[in-house]
Amino acid sequence: MIGTADAQVFYSGSRTVFDRHREVFDTWATSIFDGTDAGRASLIDLALLSGMYQMFAGFLHGAAMVGSEGMTATDFAARATPFISAMTGGFAGYAQVVDGGDYTVPGQQSLDFSDLSPIVRASDEQGVNPATVDAVQTLITRQVAAGHGSEGFARIYESFRASETTVGGRR
């Protein structure tokens with residue numbers, strides 16, 4: 001992506017230094033000043049990588065599921081690419097719900113409806129490790145058990161927040 005407008009140069013720290021070198025940064029990618037906290041740019045980078053690796057793991061899990069019945073990963077990729085691309089269009093809506101803090105906004109898929117246990121079960125039946133999907137199911141189950149089953153899927157965001165976890169972000 002380097003050299004295209006889709007690439008990003010993350011920068012945090014001195015605004016003066018950023019402004020002085022922005023022209024150079026912009027030759028590589030779109031440069032973004034992320035504030036004066038020197039660690040913030042790194043945190044944003046790690047957060048984006050988190051989403052990327054989990055997305056790739058989800059794709060590979062799906063490829064393993066259909067691969068158990070003979071579909072090639074190439075054929076699955078041809079099917080998955082437009083679907084997953086269309087799903088990323090939902091990020092803005094999820095972001096609005098999370099930022100607004102109201103998981104009851106109409107039009108969301110409820111947590112009760114988002115039960116992924118059929119995917120976990122199908123994975124097991126196909127001899128595919130369901131770990132990636134099971135992790136999401138755990139987040140859903142946690143929110144449903146807390147009485148939020150009728151609220152939207154974006155509610156799992158609350159399971160990631162520090163107030164819901166122990167030291168190191170793990171339960």
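The values are calculated or read from the model by the stated rules, or taken from the named source; none is laboratory data. In this text, all values refer to a predicted model and were calculated from it rather than measured experimentally. Heads up, the Cβs are rebuilt from the backbone with ideal geometry, glycines too, and the neighbour counts pull from every protein chain shown. Each accessible area value is taken on the protein alone, full model and side chains, heavy atoms only, with ligands, DNA and RNA left out. Shrake-Rupley method; radii C 1.70, N 1.55, O 1.52, S 1.80 Å.
The distance between label points at ASP75 and ARG20 comes to 5.9 nm (points 7 Å beyond Cα on the Cα→Cβ vector).
Derived scalar couplings between HN and Hα for the range 63-71 equal 4, 5, 4, 6, x, 5, 10, x, 6 Hz in order, rounded to whole Hz, by the Karplus curve 6.51 cos²θ - 1.76 cosθ + 1.60 (θ = phi - 60°), x for Gly and Pro.
Based on Cα contacts under 8 Å between residues 6+ apart, the range 1-102 shows a relative contact order of 20 percent.
Specify the angular offset, from 0 to 90 degrees and rounded to the nearest 10, of the alpha carbon long axis of helix 15-28 from the longest principal axis of the alpha carbons in the chain. Once rounded, one gets 70 degrees. Extension gain for ILE44-TYR94 works out to 16.2 nm (0.36 nm per residue, less the C-alpha to C-alpha distance). Only protein heavy atoms count here; under a 1.4 Å probe, GLU125 has an accessible surface of about 130 Å².
When the alpha carbon coordinates of the range 61-123 are projected onto the principal axes, the ranges are 44, 25, 15 Å, largest first.
Only Cα pairs within less than 10 Å get springs; with that Gaussian network setup on the chain, which residue of THR138, THR30, THR81 has the largest fluctuation? In this elastic network of the chain, the residue with the biggest mean-square fluctuation among THR138, THR30, THR81 is THR30. Ranked from largest, the principal axis spans of the Cα set of the range 29-87 equal 52, 18, 18 Å.
Charge dipole of the range 1-116 (Cα centre as origin; +1 on each Lys and Arg Cβ, -1 on each Asp and Glu Cβ, all else neutral): 280 debye, rounded to the nearest 20.
For the chain, the alpha-carbon coordinates run over 58, 41, 33 Å along the three principal axes, in decreasing order.
Within the listed set ILE140, ILE119, ILE44, the Gaussian network model of the chain (springs between alpha-carbon atoms below 10 Å) gives the highest mean-square fluctuation for ILE44. Proximity of backbone amide H atoms, modeled 1.01 Å from N, is registered between PHE10 and no other residue at under 5 Å, excluding neighbours fewer than 5 places apart on the same chain.
Segment ILE32..ALA146, full-extension length gain: 37.2 nm, with 0.36 nm per residue of separation and the alpha-carbon distance subtracted.
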